[in-house]
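Structure record follows, encoded as structure tokens.
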Amino acid sequence: MVRRIRVQRCEGVTFLTLPDAGARGFDAQLRRSLGAALDMCRHDPDLRGVVMRAAAGWPCAEDPEADFHEDAEAPSLAALAQSLSDLSCPVAVVLDGRIRAGALALAQAAKLRLALDTASFDPVEPSLGYLPAAGCLIRYLRRSGPRQVLSFLKAGRPVAALQAVELGVCDAVVPAEAVEMQALSATLEQAFGEVGLVPDPNGASRLTQSYFTELDALREAIETGPQHVVWDKALAVAEAAVLLPMGEALDFEAVAHLDLLSSPASKALRHLRASAARAHAQEALPIDAATLGCRIVAVWNPPDGLVYALADAGHRVIWAEAMQDRLEKGLSNLARAQEAAVLLGRMSGEARDAAWDRVSATTDPLQAFAQADIVLAEPAAQERDDIAHALEGVRGALVATTQPDCALRIDRYGRHVEVHGAAVEDTLLVAALLRAGGDLALGLPGVDPGLIARLQAAIWVAAEYCVLAGAAPEEVDQALQGFGMQAPFAQIDRLGVEVVIARLKAAGFLPGPLLTYLMVEGYGGLRKGRGVYLYSDGVARPDPLEPALLEALRAEADYVARPLTGAQIIERIWLAMAAEGAKLLQLGAVDRPGDLDLSAVNALEFPRHEGGPMFMADQRGLEACRDQLMQLAAGGAAEPVTLWDVLIRNGRSFGDLDRA
């Protein structure tokens, strides 16, 4: 479908209407059309003003960076923003839908930025390790100052229109009727005809003293951590916005943008975002009532968004919770979400009423489950017996719960979910239903234990090998905590040594000498007062007898102890995770390496800015990783599977499997 700008005239004002938003953003076709429209405006001697708006929300690409891709066949976003800024007549934008990336850059190039109350402004770039481009940041800084700009960039979520006005992202919120062509033409003429109604696009940069006072305060408050480089670069751009001429400042912003895009952290964060998008897209199954037939779905303790999605898809939903006040609060939130969807134009009033009528509520699980075709139950620990009893009388329904012994089991780690079951169709259907509610749900038919349990087992085994190689348990824990992950030996003690050994065996691993010794001696962990560590009043301390014990275990296993640095410990752990991930890929338990990275990051606290173990292996180089794994295998670790050799021989990476 051709995406063209619609051009209309009203009382000397040209209206440029962007096509339906879709998910393609400002692709080359749209940029070409917009460039031609702006060129026409530039050569119109009778032009009194330009208004840019959208038919149904501004373009919003799934990948924000795609808006800034450059090619020879279309003008860049930076060139379009400059053309808009260079127009000598009054220029206004009317913003609606989700405004980010290219839309935000064009908005900052206009002289008057109006927003409908249905607009939201999304500072997505810092979460992906880079900064807005195409002049967006420079123009925003010169207009509003560094304090407001940094507050917006650090919001970490879409900002509503009224808050965006406070942060200087837009100038005013207007009702829909005020942006009809005739009304807007008159408003535009009045606004630009009276002094002070339109903000000075260089207002903040003219107040040099207060601008640099804000900048100095922000520098003092800049936090350390993975995002430090982004905020440090943002402050450098803020300084350039005032000290450099406009053209040079824009060049400085462009270089800063490219520098951050090429950073390892940004590559890792964008990899995770792309992996999540692929998981949602490639696992997608239609769940609407027209496809599945109208189902009666009973949900116990549903995650946010699930009831809304199921009712909107045409299914009857029985919402069940143990506490009446929680149920009432949930229904109130549902009503607000449905009303917001109507205001945003995503749902008609009639559809909202019909979806609301499809939802009923109860605190009685017996009543809820007895009527259902599908049961999705996630009971709290103290509710499990009651839910198990209520499920005993269910006949003929598809039942998925978080109960450990359920044939169709949901394993939840926040919004990251694994669904396990023997039946492929049922497993994938439950995963699709949960995804509709906003979870990142992976259907894993026939894979139990799942990806997360197996990656966790690989961590425990690698941690024990680090100890056999010469590290003390507390050194391993400190290294992993410094990396951002859980301390594996402290975790073993919390869970209990016997529990961990059972999980290792279920995942296909055998415990090493240390865990075996602890089990045989009855040193079960925190609850027993002794495990890897000694415990007094719940506080862990190293066992003073540990060095002699480890020396004996190493001698028996024929290990020669050598000191390991924190970096070497971390490397051994993530390499072990990558090795287990490659094994799961080769076995067909998972199709996409990105799913393994998402599992590690979302459930096992692997640092987001590192991208996950499979991504790290690609960045390090598969051949170097394989050689290191072979060296570790000589010391007793498992040998790397043949997938490493196949990828190396064919010049491919794990990332290539994601994109296949």
Return the label of the correct value of mean projected area of the Cα convex hull in nm², as calculated from the structure shown, out of (1) 46.8; (2) 37.0; (3) 33.9.
(3)
I'd like the distance separating the alpha-carbon centroids of region 626-649 and region 200-250, in whole Å.
48 Å
Working with all protein chains in place, sort Glu639, Glu253 by solvent-accessible area computed with a 1.4 Å probe, largest first.
Glu639, Glu253
Counting only residues 5 or more apart in sequence or on a different chain, those whose built amide H sits under 5 Å from that of Leu442 are Val417, Glu418, Val419
If each residue of separation counts as 0.36 nm, what is the full-extension length gain between Leu545 and Ala423 once their alpha-carbon separation is subtracted?
38.9 nm
Given a Förster radius of 45 Å and the C-beta distance between Glu392 and Leu235 as r, what FRET efficiency does 1/(1 + (r/R0)^6) yield to the nearest 0.05?
0.15
Determine ³J(HN,Hα), in whole Hz, for all residues of region 141-151 in sequence, where each value follows from phi through the Karplus function 6.51 cos²θ - 1.76 cosθ + 1.60 and θ = phi - 60°; x replaces Gly and Pro.
5, 5, 7, 10, x, x, 5, 5, 5, 5, 4
Rank Val500, Ala552, Ala589 by how far each Cα sits towards the positive end of the charge dipole of region 485-625 (+1 on Lys, Arg Cβ; -1 on Asp, Glu Cβ) and give me just the farthest.
Val500
Please list 3J(HN,Hα) in residue order for region 453-459, calculated via the Karplus relation 6.51 cos²θ - 1.76 cosθ + 1.60 where θ = phi - 60°; whole Hz, with x for glycine and proline.
4, 6, 5, 4, 4, 4, 5
Using the Karplus curve 6.51 cos²θ - 1.76 cosθ + 1.60 with θ = phi - 60°, work out ³J(HN,Hα) for each residue of region 536-547 in order, rounded to whole Hz, and write x for Gly and Pro.
9, 6, x, 9, 7, 8, x, 6, x, 8, 4, x
Nearest-0.05 FRET efficiency for Glu350 and Glu11 at R0 = 51 Å, using Cβ-Cβ distance, is 0.90
Probe 1.4 Å, accessible area per residue of the chain, Å²
44 Å²
If r is the Cβ-Cβ distance from Glu248 to Gln163 and R0 is 41 Å, what FRET efficiency results, to the nearest 0.05?
0.80
Which one of Ala335, Ser263, Leu141 has its Cα pushed farthest toward the positive end of the charge dipole of the chain, where Lys and Arg give +1 and Asp and Glu give -1 at the Cβ?
Leu141
Ordering His271, His609 from largest to smallest accessible area (1.4 angstrom probe), what's the sequence?
His609, His271
Accessible surface, 1.4 Å probe, highest first, among residues Thr363, Thr401
Thr363, Thr401
Relative to the first principal axis of the alpha-carbon coordinates of the chain, what is the inclination of helix 497-506, with its axis defined by its Cα atoms, in degrees from 0 to 90 and to the nearest 10?
80 degrees
Note on the chain, DSSP bridge orientation, antiparallel percent to nearest 5 equals 30 percent
Using alpha carbon centers only, region 432-484 is separated from region 79-112 by a whole-angstrom value of 46 Å
Could you work out how far apart the two model spin labels at Ile648 and Asn202 are, taking each label as a point 7 Å from the Cα in the direction of the beta carbon, and quote it in nm?
6.0 nm
SASA check, Arg562, accessible area w/ 1.4 Å probe, all protein chains in place, rounded to nearest 10 Å², comes out at 150 Å²
Lys/Arg +1, Asp/Glu -1 at C-beta; the chain dipole; positive extreme among Pro613, Val520, Ala61
Ala61
For Ala337 and Ala407, calculate 0.36 nm times their separation in residues minus their Cα-Cα distance, and state this gained length in nm to one decimal.
21.9 nm
Where does the chain land at 222 nm, in deg cm²/dmol rounded to the nearest 500, when only DSSP H runs of n ≥ 4 count, each adding -39500 (n - 2.57), divided by all residues?
-15500 deg cm²/dmol
Within the accessible area of region 1-151, what % is carbon and sulfur when the probe is 1.4 Å and the other protein chains stay in place?
48 percent
Using modelled amide H (1.01 Å from N, peptide plane; none on Pro or chain starts), what sits under 5 Å from the amide H of Met52, excluding residues fewer than 5 places away?
Leu16, Ala92, Val93, Val94
Taking the alpha-carbon centre of each part, the distance from region 578-605 to region 513-569 in Å is 29 Å
Magnitude of the Cβ-charge dipole (Lys and Arg +1, Asp and Glu -1) of the chain about the Cα centre, nearest 20 debye, reported as 640 debye
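The values are calculated or read from the model by the stated rules, or taken from the named source; none is laboratory data. Since we're looking at a predicted model, the values are computed, not measured. Cβ sites come from the backbone with ideal geometry, for glycine too, and all protein chains shown count toward neighbours. Keep in mind that these areas ignore ligands, DNA and RNA; they rest on the heavy atoms of the full protein, side chains included. Shrake-Rupley method; radii C 1.70, N 1.55, O 1.52, S 1.80 Å.
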